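Written below as structure tokens is the structure these notes are about.
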Amino acid sequence: MSEVLSQNEIDSLLAALSTGELDVDQMQNADEKKVKDYDFHRPAKFSKEHLRTLEMIYEHYGRLLSTTLPLYLRKSVSVSVANSETVTYSEFSNALSNPVILGIVNFLPLQGNIIVELQANLGFTYIDRVLGGEGGPLDKPRPFTDIEMPLIEKLVTICMQLMVEPWENVVEINPVMERIETNPQFAQVISPSEMIAIVTLNLKIGDTEGLMNVCLPYFTLESIMDRLNTKFWFSTMQKQSEEDYAENLETLVRRVDVPIKAILGRCSISVNDFVYLQPGDILCLDSKTNSDMQVYVGNIYKFTALPGTSKDKYAVRVTSVVREEEEEEEE
């Protein structure tokens, strides 16, 4: 029900109209509803909530990239999400340079493909680094050679495989690399008018900086669009208890290789004697044959042991464990 004005309010309104404080035309325009034009060529299939969820997925993906790529490049890599937007595929493809790195990925079990785009300067930096160079970009762009293409395919495959974990809270994917294209004209795998979501990541490899675009068509994500919201995201995140976390951490630590050395004994000789050592020469050590050896884990004195053999190999048998307080007393 509309609000009913009192007599005093009616008198005040009439007085304002008579004095010119209120304009009748302005009052009529204020009641008009604003109409927003709808572009049927660019239907809004991705909401802000969808884009925000995609940004969260690829923020996780960026952290994985920044910790995985240095293993191959032996160089610092930083990755951050720059922005996300929705455009038509024709707008995306028309903005691509030539050459460019385009990975056509089958996003199984979802229908259709996604496209992973890397700027060419990142590809040349990767090639230069894995072949022993300093990882610098080219002064002048050029097409990739047949020898360089397998290295580029390796890079895009690494980037593709790292998407599995960030997407597991939404859907379990098994991406498969279909092919690599360096010419945008040969990557028309989606209808030009199809709406796509683009998540742009900023990659910095050493001093080289470039962009990585992940092109996600609506056709591919249509079956899981209702899951691309923060409510579903947080409700499906796996919450591990502290005990499970500690157990998983212990399992990972147990797989780490650590260097162990057993010291049979020590002695001092002159540099001249050391230079002329020959097989069969005898050195007099400061330990007895039946005394315990010191066993170090890394640089920490951890065990005592007796020397021996096992299946024609030299070995030691641990006799005791050195506790921290015993180690401090010896120091």
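Computed from the coordinates by the stated procedures, all read-outs in this text should not be read as laboratory data. Values in this document were obtained by computation on a predicted structure and should not be read as measured data. Here the Cβ is made from the backbone with ideal geometry for all residues, glycine too, and neighbour counts use every protein chain on show.
So here's what we get for this one:
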quantity: The stretch 48-237: relative contact order as a whole-number percent, Cα under 8 Å and 6+ apart; calculated: 35 percent
quantity: Binned Cα-Cα distances of the stretch 76-165, short to long, each 5 Å bin given as a whole percent; calculated: 3, 10, 19, 24, 20, 14, 7, 2, 0
quantity: Peptides ranked, highest mean first, by Cβ atoms within 10 Å: ranges 290-302, 307-319, 266-278, 124-136; calculated: 124-136, 290-302, 307-319, 266-278
quantity: Estimated FRET transfer efficiency (Asp139, Val275; beta-carbon r; R0 41 Å; 0.05); calculated: 0.20
quantity: In range of the label at Tyr72: residues from the stretch 139-162 whose backbone nitrogen is under 14 Å from the point 7 Å along Cα→Cβ; calculated: 148-162
quantity: Inter-site label distance for Ser287 and Val318 at 7 Å from Cα along Cβ, in nm; calculated: 1.6 nm
quantity: Inter-label distance, nm, simple model (7 Å from Cα along the C-beta direction), Glu85/Ala15; calculated: 5.5 nm
quantity: In sequence order, calculated HN-Hα J values of the stretch 148-155 (Karplus, 6.51, -1.76, 1.60; Hz; x Gly/Pro); calculated: 7, 4, x, 5, 5, 4, 4, 5
quantity: Note, ³J(HN,Hα) from phi for the stretch 217-225, Karplus 6.51, -1.76, 1.60, rounded to Hz, x at Gly and Pro; calculated: x, 5, 4, 6, 8, 4, 6, 10, 4
quantity: Hydrodynamic radius by Kirkwood, which averages 1/r over all alpha carbon pairs of the stretch 134-230, in angstrom; calculated: 16.2 Å
quantity: Dmax and Rg, reported as Rg then Dmax, of the stretch 48-237 (C-alpha, Å); calculated: 16.1, 49
quantity: Qualifying GluC sites (Glu not before Pro) for the stretch 138-212 [loop in DSSP, other Cβ within 10 Å: at most 10]; calculated: Glu172
quantity: Which of Asp146, Asp286 has the fewest Cβ neighbours within 10 Å, and the rest in rising order; calculated: Asp146, Asp286
